[in-house]
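Below you'll find the structure, written out as structure tokens, and then a few comments.
The values are calculated or read from the model by the stated rules, or taken from the named source; none is laboratory data. Quantities reported herein were computed from a predicted structural model and do not represent experimental measurements. With ideal geometry, Cβ positions are generated from the backbone for all residues, glycine too; neighbour counts draw on all protein chains shown. These accessible areas exclude ligands, DNA and RNA; they are computed on the full protein's heavy atoms, side chains included. Shrake-Rupley method; radii C 1.70, N 1.55, O 1.52, S 1.80 Å.
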Amino acid sequence: MGFGELLEQVGSTGRFQVLQTTLLSIPVMLMASHNLLQNFVALVPPHFCNAHTNLSQSQMSAEEAMLVTVPLDQTGKPERCLRYAAPQWHLLTKNGSSSSGKEGDTNAGLDVDLQGCSDGWTYNMTHRKSTIISDWNLVCDQQSLKQMGQVVFMGGVLLGSVVFGSLSDRYGRRILLLISHLLMAVSGTCAAFSTAFPLFCLFRFGCGMALSGVMLNTFSLVVEWIPTSVRTMVGTMTSYSYTVGQLILALIAYFIRDWRWLTLAVSLPFFVFFLIAWWFHESSRWLVTSNNPEQAIKNLKSVAKFNGRKEEGEKIDMKRLQETMKKEMSCSQGTHSVLDLFRTPTIRRMTICLSAVWLSTSFAYYGIAMDLQKFGVDIYLIQVIFGAVDIPAKVIMVVSMTYIGRRISQCGALIIAGITILINLLIPYDKQTARTCMAVLGKGCLAASFHCCYLYSGELFPTIIRQNGMGWVSMMARVGAMVAPMVLLTADYLPWLPGLIYGGAPILSGIAAIFLPETLGSPLPDTIQDVEDRGTGRSSKVSRKEAIILQDTQADLLKQTT
């Protein structure tokens, strides 16, 4: 059974596994806070132009100053980005003030000149004490910078997945996790004290990199110290930590209304996580495949002692390690690259289809989850609802994958998500309850799609290139997350276009998923030839016993957080 046999010998589900998995899962909660922090720190408050300088220094009330300064839009609300070039004193007269709702007709006859907000803006800070929008005036001509801030953060996530993924295979999971915790703590703290928007983006880029490092190495350490029999359950429980984190973010943001203190609140705990991470044990599996068997034996004996099986642990020596892990050591030999994902027809088709699935899932997920204000519902309530819907969504997906199959579940989740997003385009804006219900259903389907594609992708890629395959599709997901905020900018020209794109992408990728092979009840493929044989209908040469052994290497199949 390879490493699984050694793990059973030292205790595969003992106190060590329970404690390390729990301690590793706690930071995952705050990963969700950083991932969705933009919803609160970059909330756009209602705003309108400041009065002219001479009016600001007069004895006029704020209401009177706004009346003679700010025109109304077609809905009767103050214009956000325009003001009168000169104060309209006639509006203070009895007739003018009493018929301010007809101001557009009066001013149309007078041909009033308008200008931009050259003296700044006044913000209605009912929901938040401060945001980066109000502090740095990221409105009107600068409103696109809000979305660019999220693009920069997701760019950090993308780069981090590439950098920390490769470095962890070279230097180990534990040391990279330590670095990631420290980077998150320092970058988040610096972001909270940023004095300018470019500095804020720079430090948020660092937070994005750290998020990938924490995510990748946390799940590697979790799954590489637990047996195959409980791996699915533990992976699902760990993914629920991210769901709980979405609920915690709403709670923290409700009580901390200042964006700087909120950023600090979700960043400072990582200094504590950094200290705790020194206790974690490096993966003995990785140590053996990295030619450090002595440390691997030392870690196994330490785990055995912690689990109350010291005598069993003392029986592990170099000879026994080499005998039991011969399978893993032989699999690690040879060189493979990402090019192997495109060299043969079956794997090439799989890679293209999975790339579309991951990109569109992440693209639509963040397109919905990162623009909560558009639903017109209390932002704290909608954050709780969006987080809570993941709980039943993942349960339904697990049942569907088990009894219906992976392919149909993946297709169904994506197509239903796309349809709900498109239906929202047809619902009038004033029907906020109906719009919110459809958005929640769509977000739940996308969360379920994420849960499925992690497992499904790992079962499709063969063992020898599974790390490369999972790394590739994960990178495509980051690309989708980066593009999602940029699509929102098209709403300035065609308000319905973002919804059309967010809804169309999952439907197209759901159709692409139909061309993927079903893996329910199938043994895990070991080599590229196994996948090609399965694609051409020939029987796989992997026996059932070998399939059980291969499942012990399925470290990349579990959900990372979204």
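Remarks
- Filter pass, Y365 being within 23 Å of R407 (Cα to Cα) and either modelled with pLDDT of 85 or more or open to solvent by 30 Å² or more (accessible area, probe 1.4 Å) (or both): yes
- Contact annotation: residue pairs with Cβ atoms under 7 Å, 6 or more positions apart or on different chains, pairing a residue in segment 20-31 that is open to solvent by 30 Å² or more (accessible area, probe 1.4 Å) with a partner that is not acidic (D, E), are L23/I276; M29/S241; M29/V244; M29/G245; M29/I248.
- Qualifying residue in segment 186-200 (condition: part of a helix (DSSP H, G or I), more than 18 Å from T131 (Cα to Cα) and without any contact (Cβ under 8 Å) to a residue 60 or more places away in the chain): yes
- Screening G387 against (1) open to solvent by 60 Å² or more (accessible area, probe 1.4 Å); (2) closer than 22 Å to Y240 by Cα leaves a single unmet condition, (1).
- Filter pass, A210 being in contact (Cβ under 8 Å) with a residue 40 or more places away in the chain, within 18 Å of F280 (Cβ to Cβ) and open to solvent by less than 10 Å² (accessible area, probe 1.4 Å): yes
- Residue count for segment 164-189, restricted to those that are open to solvent by 50 Å² or more (accessible area, probe 1.4 Å) and of a type outside the set (G, A, S): 10
- Cβ pairs under 8 Å, 6+ apart, first in segment 148-162 and at negative phi and open to solvent by 30 Å² or more (accessible area, probe 1.4 Å), second part of a helix (DSSP H, G or I) and among the basic types (K, R): V152/R204; L158/R478
- Residues satisfying the stated conditions in segment 481-509, i.e. surrounded by 21 or more Cβ atoms within 10 Å (Cβ to Cβ), at pLDDT 90 or above and not small (G, A, S): Y502, P506
- Test: residue in segment 295-313 that is at pLDDT below 85, open to solvent by less than 10 Å² (accessible area, probe 1.4 Å) and not in a helix (DSSP H, G or I): no
- The residue that is least open to solvent (accessible area, probe 1.4 Å), counting only those in segment 419-434 that are assigned to a helix (DSSP H, G or I) and either at pLDDT below 85 or of a type in the set (D, E) (or both), is Q432.
- For segment 262-294, residues that are more than 21 Å from V223 (Cα to Cα), open to solvent by 30 Å² or more (accessible area, probe 1.4 Å) and of a type in the set (S, T, Y) total 0.
- Test for A512: is it at pLDDT 85 or above and more than 19 Å from the chain's Cα centre (by Cα): yes
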